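Quick notes on the structure that follows.
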Amino acid sequence: MLEKAYDPKPVEEKRLASWDAAQLSRSVPGAKPPFTIVIPPPNVTGALHIGHALNNSLQDAFIRHHRMKGEEACWVPGCDHGGIATQNVMEKQLKAEKIDRHALGRDAFLERMQVWTRDCKKTILGQLHRLGASLDWKREAFTMDEERGKAVFHAFKTLWERGLIYRGERLVNWCVRCGTALSDIEVEREERKGALYHIHYPLEGGGEGAVVATTRPITMFGDTAVAINPKDKRWTHLIGKRVLIPFTNRSIPIIEDTYVDFEFGTGCLKVTPAHDQNDWEIGQRHKLPAIKVLGRDGKLTDWAGQYAGLSREKAHDQVIADLESEKYLRKKEDHKSAVQICYRCSSIIEPLLSFQWFVNQIELAKAPLKALDSGEFKIYPTSWVKPYRDWLVNIKDWCVSRQIWWGHRIPVWYCLTCTNPIAYLGTEVQLKSGKDAGMQVKQYLAGSILEGGISFDELLALNPFFEFEAGKDVDAKSIASFPGLKVSQTKPDTCKTCGKNHWYQDSDVLDTWFSSALWPLAVFGWPEKTKDLAYYYPTSTLVTGYEILYLWVARMQMMGHAFMDKPAFPDAVIHGIVRDKSGKKMSKSLGNVIDPLVMMEKHGTDALRFALMAQAHPGKDIAFDEQTVVGARNFVNKLWNSTRFVLMNLPETPAVYSLGSKNLEFADRWILSRYQRVVSHAQASLDAYDPAAAAQELYVFLWDEFCAWYIELAKGRLTGAEGESKDAVRAILVHILAGSLKALHPIMPFVTEELYAEIKAYAGESAEFILRGGYPVLDGSRVNPEVEKEMSLVMGAVTSIRSLRSQLNVPPGLKIKAVAEGPFAAALLGKHRAYALLLAQLESLEPMNGGRPAQSATAVADGVTFHIPLAGVIDFAKERERLAKDLAKAEGDIEKCAAKLKNLSAAASAPAEKVAEAKEQHDAAAARRDRLKETIAVLS
RNA sequence: GCCCAGUUGGCGCAGUGGUAGCGCGCUCCCUUGACAUGGGAGAGGUCAUAGGUUCAAAUCCUAUACUGGGCACCA
C-alpha cells in the first residue's frame, strides 16, 4: 500500500541506487542506431545553478526518450576547466587568504587548481546524478585531462600545419583585471555615461593648433597623428603641419583621412593606433607608428612622461585636472558611449597592441556555413539561424592565447640560444629607441632561465625596451625565418640549429573555448580512430543556451568539419535562460538566485524537472516562480494517488489484466481514444524538441481526463460486483496508467519508475526499468472521434447539473432527482445513465413524461434539458437570474455561430464539412436558447 | 544604426485562418475511503495600436509604439 502522499526523498535515493547498480545509462557501440549527446561541460567554478538544471533536464528527457524508442542513447558527462572564470575563482580565494598569486608561483598555483577542480567536479557530477541525469558515467571526461590534452595538441598542430594558426602583433581586447587578452566575442558592451573632452594641441612653432575631442584623454600620449577630413574646410589649412601633444610636447603630423566624421566632436580626430581599432586602421593606412601608452598592468608607460606608472583611473583624473589648469581643456560635454566590458569580471576592456596567437576562423567558418545552408545542420528554434549565419559570415580571426595560468599551455617552444627570444616572448616590446635590452635579456635567458632560476614573470619584470622590427606574423609558412620555434606537446629534443637544449615553452595558455570546441571529438578518443568515434560521431543533438551559440556551438562545428569533414551534430537545440519570477536575470548581487538543490529538497526532483520543462517552450526564457514547482509537486502527488487508487482496486497478489478482447464500454473506448492520441502526440513533441508541449499534454490528460472523469466513472463499476465489467475497468486503468507513466518518464523519471514498479505486474510486464522496457505499444485504431464527441456531450450534461446544484446551493452530498428531455436524453437515460447518476450525484434520472415537474429548476446542456424538482429549496428569483445568464451566453454563441455560418455559406470556396460543423454548432446553441426561453417564461 | 523575437484575463505562458485556453492567484461551496499536495462551481480577456488580405484574422501582410535580444558603432 502506497503512502497517502508522495515523499520524494526515499524514492529518489532508492531509484538512483538501483539505476547505478544496473548501469542503466551505460552505452557501448552496438547494432542499434546511436542517439548521442555530449553534455555542455559545466565550468568547474562551483555548484550548478538553475540554468544547468534546465539544460540537463532537457538533455535527460531527450536521451531517455530516444532510449525508450529503442535507440542506443549515449550521453557523455564531463566538466570544463573554464579558463579565466575558474582562475578568477581561485584568485578570489587566494585574496581571501591574503596570498599573492605571483608570490605563490605558477606551479603551486596550478596544484591548488587541481585540488579545487577535483572537488568541484565531484560536486557537479554529484548534482547531475541527483537530478536523475542518465549520463554514461564511465565516459566522464574533463577538458584538461590527459586524453583531451592530446586532442588539443593534435588540433593545434594540425591547424598550424595547415597554416590556420599564426602568431602576430594585433590590437586585442585586454582585460586589465584578468591580465589577459580576450577574443572579440568575450567582450560585452554596456552603455555608460561619460564625457567628451575637447583638448587643444598647439601648433608646433607656436600658434593655434587643433582641438581634438576624446573620451579618453590619457591615450593622447600614444597619439601619432591628428586626422581631419579632407573636405572639412575648417581644418584643411592645417594639413601638413604638426602639433604638439600637451605635457610631453611630442610633435605629431596632421593627416587627412575620410574616416573622420566632421559632424562629430570638433572634426579633429586624435589617432592612437595602439589603443583603438579604428585608429589602428588609420595608422595602417598612413604608416603611423603605434605607441603603447598603457601597459598590460593598466598603468601608463614611460611614454606618458610625468604620468608614467599611474593607474589608468588615477591618470585620467590627474590629466584632466592638469589640462584644465594649463588651459588645454577647451570644453567638456556629457557623452554616452558603449564601453567594452570583460564577460568574466565586468571591468573595462582596453584595446591593446600585443603579440598573440590567432586561429584563422575565416577559413574554418566556410564548411559550417555550407552545412547550414544545405540543411545538414539545423538550429531549433529557427530564429537563431540568422544570427548564427551572420556571425559566420562576418567572422574575424580568433585570438586564442590567454595570459593566464589555468589552461592548456600553448604547445610551442622557443629555442633561446638561436633566436631572439623577445621576438617570440616579446610581450613588452616597445617602440622605443636605445639600449640593447634585447640582447641583455637574451643572454640572461640563456644563462639563467634554463637553470630554472627565473620565472617568466620575473623576465617580464626586466621590462626590456628596445627597437623591435615588428609586423611579421609567425606561421607554418614563415617558420623558415624563425628556426628556433617548434610545435610540440612535450619539450623537444636538441635544437637542430644550435645543437643545444635551451627550450622555453610559450607561457600563454589557450582560450578555454579552444578545448571546448573539440569536445564532441575528444570525448570519443579523437585523434585516435576509435570504435566510439566511428559509432557515435557525429553526435545527434546539442542542447545549450543561446549565450554560447558563437562561443561554443559555432566553434564545435568548425572543428568538426575541420577534422572529421562532418558537422559535430546535425541538430542544435537552443533553449532560453531561467530568469526570476519578474523576468530579471538571476545574479548573486540581485539576490534573486534560485538554487536547484533547494528546490529539489523542498519539492522533489521530478517536480523541479517538470516545472522547468513544462515552461521550456523552444527558445524562450523562463520566468521562474517557485509556485510552479509547487504546482508540479502537486501533479506528481496526483499521479501517486491515482496509482494508489488503482492499486487499492486490484488484488494484492498481482494478476494480469490485459485489454485483450474485453467487452469495452463507452467510457473505456473514450479514455483509450484520448490516451492513444495524447501519448503519441507527446512523443512527437519530444521528437521535435518541444518538451513543454509534451509535459502540458500529459498533465492535462492525466489530471483532467483520466483522474477527474475516467477514474470517477470507474468508481461505479469498481464498487459493484466482480465480473467482466469490473475486470475491464481494471484492465483499462492498468493499461493507461502504465503507458502514461512510461510516456512521462523522460520528464519525471523517479516517480514514474517507482509507480511503474508497483503496477507493471498487473499489466503483464516484466521490464526491470522503464528505460529497458521502452515506450508502450500504441494502437491507432483505438482513436475514435465519435466517442470523444459523444463523451463531450455527457460531460456537458453532467456539468450543467453540477453548475445548477452549486448555484442553487444544493448541498453536495444531497442526492437529487432529475428528469431529462431532448435529443440526447435517450442516450443519457440508456447507456450513459450510470455515468450521469454517479457524476451528478443523482438519486434518479427519468424521462420527462407529461409536463415539466412543478417547483423545479432547469439545466440546459447541448442536446438535453434537465428538470430538477426542488420544492422548498428553490429560490425562483435566483433561478431566473441564473437562467438569464445562460440565455445570454447562448445568444452570444448563436450570434457568433450565425456570423460564421453566414460567412461560410456566402463563400463558394468554403469546405462543406466546415459548413456542416458550423450549422451543427449554431443549431445546438439555438436549441439551448429555446429551452431556456421556455423555462424562463414558465417561471415568470 | 541594422536585424530578430515578443506584446493574449492580476502574474507567468500556450494557442500558425473557423464561437479565446492552461498554470498560479482570486470568489463561493465541500473534509462522501485515491489525493485538501484534493473536489465542485464561478468571476476575470473587444488577443498592443492603425491599416490591409480573406467569406472568416489572436493567427497572414504592412506600418507604428513599447519590451527583450543579437550584431555593428563616432573618436
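Just a few scattered comments:
- The alpha carbons of the range A:513-647 stretch over 53, 46, 23 Å along the principal axes, in descending order.
- 32 Å Cα-Cα threshold exceeded, pairs from A:Lys4/A:Lys726; A:Lys95/A:Lys122; A:Lys138/A:Lys585; A:Lys370/A:Lys529: A:Lys138/A:Lys585
- Reciprocal mean inverse distance between Cα atoms of the range A:252-313 - Kirkwood radius, Å: 12.9 Å
- Considering every alpha-carbon pair of the range A:592-642, the percent of pairs per 10 Å bin, from zero through the bin containing the longest distance, is 27, 54, 18, 2.
- DSSP bridge analysis restricted to chain A gives an antiparallel fraction near 70%, rounded to the nearest 5.
- Scaled radius of gyration (Cα, divided by 2.2 N^0.38 Å) that the range A:513-575 gives: 1.04
- CD proxy at 222 nm, helix term only [per DSSP H run n ≥ 4: -39500 (n - 2.57); per residue of chain A; nearest 500]: -13500 deg cm²/dmol
- Stokes-Einstein diffusion coefficient of chain A, Kirkwood radius over Cα pairs, 25 °C, 0.890 mPa s, in µm²/s: 73 µm²/s
- Debye intensity ratio I(q)/I(0), log10, the range A:675-806, q values 0.10 Å⁻¹ (C-alpha model): -0.38
- R0 of 25 Å, Cβ-Cβ distance A:Ala888-A:Met848: FRET efficiency to nearest 0.05: 0.50
- Summarised in one figure, the compactness ratio Rg/Rh of the range A:90-166, Cα atoms and Kirkwood Rh, is 1.11.
- Volume of the Cα convex hull of the range A:157-305, divided per residue and given in Å³: 146 Å³
- The range A:821-940 gives an Rg/Rh value of 1.05, both radii derived from C-alpha positions and Rh following Kirkwood.
- Extending 7 Å from Cα along the Cβ direction at A:Lys815 and again at A:Ser940 yields two label points whose distance is 3.7 nm.
- Cα coordinate range in the range A:337-390, projected on the principal axes (Å, largest first): 40, 26, 20
- Dipole size of the range A:652-745 about its Cα centre, with +1 on Lys/Arg Cβ and -1 on Asp/Glu Cβ: approximately 140 debye, rounded to the nearest 20.
- Difference of contour (0.36 nm per residue) and Cα-Cα distance, A:Glu765 to A:Trp384: 132.8 nm
- Isotropically averaged projected area of the range A:654-697, using the convex hull of Cα atoms (one quarter of hull area), nm²: 4.5 nm²
- Residue-span extension gain [A:Phe666 to A:Asp779] - 0.36 nm each, minus C-alpha spacing: 38.9 nm
- Here the relative contact order of chain A, from alpha carbon pairs under 8 Å that lie six or more residues apart, stands at 12 percent.
- Kirkwood Rh in Å, taken over all unlike Cα pairs in the range A:881-928: 11.2 Å
- The angle separating the long axis of helix A:605-615 from the principal Cα axis of greatest extent in chain A is about 80 degrees.
- Descending semi-axes in Å of the range A:601-705, equivalent ellipsoid built from Cα gyration tensor: 30, 19, 10
- Counting only Cβ charges, +1 for Lys and Arg and -1 for Asp and Glu, the dipole size of chain A around its Cα centre is about 340 debye.
- Inverse of mean 1/r across different Cα pairs in the range A:5-78, Kirkwood, Å: 14.1 Å
- The C-alpha atoms of chain A define a longest principal axis, and helix A:912-939 lies at about 60 degrees to it.
- The residues A:Leu659, A:Leu597, sorted by heavy-atom accessible surface at 1.4 Å with ligands and nucleic acids left out, run A:Leu597, A:Leu659 from largest to smallest.
- Within the range A:728-864, the percentage of alpha carbon pairs spaced more than 17 angstrom apart rounds to 68%.
- Surface accessible to a 1.4 Å probe, per residue, for the residues of chain A, Å²: 43 Å²
- Computed on the Cα trace of the range A:814-867, the radius of gyration divided by the Kirkwood hydrodynamic radius gives Rg/Rh = 0.92.
- Cα-Cα pairs of the range A:1-150 separated by more than 27 Å (percent): 36 percent
- Long-range Cα-Cα pairs in the range A:181-259 (distance over 21 Å), rounded percent: 39 percent
- Gained length - A:Glu376 relative to A:Asp261, 0.36 nm times residue gap less alpha-carbon distance: 37.0 nm
- Peptides ranked, highest mean first, by Cβ atoms within 10 Å: ranges A:317-330, A:854-867: A:854-867, A:317-330
- Under 26 Å between alpha carbons - lysine pairs in the range A:176-295 that sit 8 or more apart or on different chains: 13
- Between the residues A:Phe624, A:Gln696, A:Ile801, the greatest Cα displacement towards the positive end of the dipole of chain A, with unit charges on the Cβ of Lys, Arg, Asp and Glu, is found for A:Ile801.
- Cα-projected label distance for A:Leu94 with A:Arg162, points at 7 Å along beta-carbon direction, nm: 3.6 nm
- Two-site FRET efficiency, A:Glu712 against A:Ala907, from Cβ-Cβ distance with R₀ of 45 Å, rounded to 0.05: 0.55
- Accessible surface of chain A [probe 1.4 Å, protein heavy atoms]: carbon and sulfur percent: 52 percent
- Hits among lysines - C-alpha to C-alpha of A:Lys914 under 25 Å, sequence gap 8 or more where chains match: A:Lys789, A:Lys889, A:Lys896, A:Lys900, A:Lys902
- Normalised size of the range A:466-572, defined as Cα radius of gyration per 2.2 N^0.38 Å with N residues, equals 1.44.
- Within the range A:690-712: backbone nitrogen closer than 15 Å to the A:Met648 label point (7 Å, Cα to C-beta): A:707-708, A:711-712
- Dipole axis of the range A:611-666 (+1 Lys, Arg; -1 Asp, Glu on Cβ), positive-most option in A:Leu639, A:Asn649, A:Met613: A:Asn649
The values are calculated or read from the model by the stated rules, or taken from the named source; none is laboratory data. Computed from a predicted model, the values in this text were never measured in an experiment. Don't worry about glycine lacking a Cβ; one is built from the backbone with ideal geometry, like all the others, and counts go over all protein chains shown. Ligands, DNA and RNA are stripped out before the accessible areas are found, and what is left, the full protein with its side chains, is counted by its heavy atoms. Shrake-Rupley method; radii C 1.70, N 1.55, O 1.52, S 1.80 Å.
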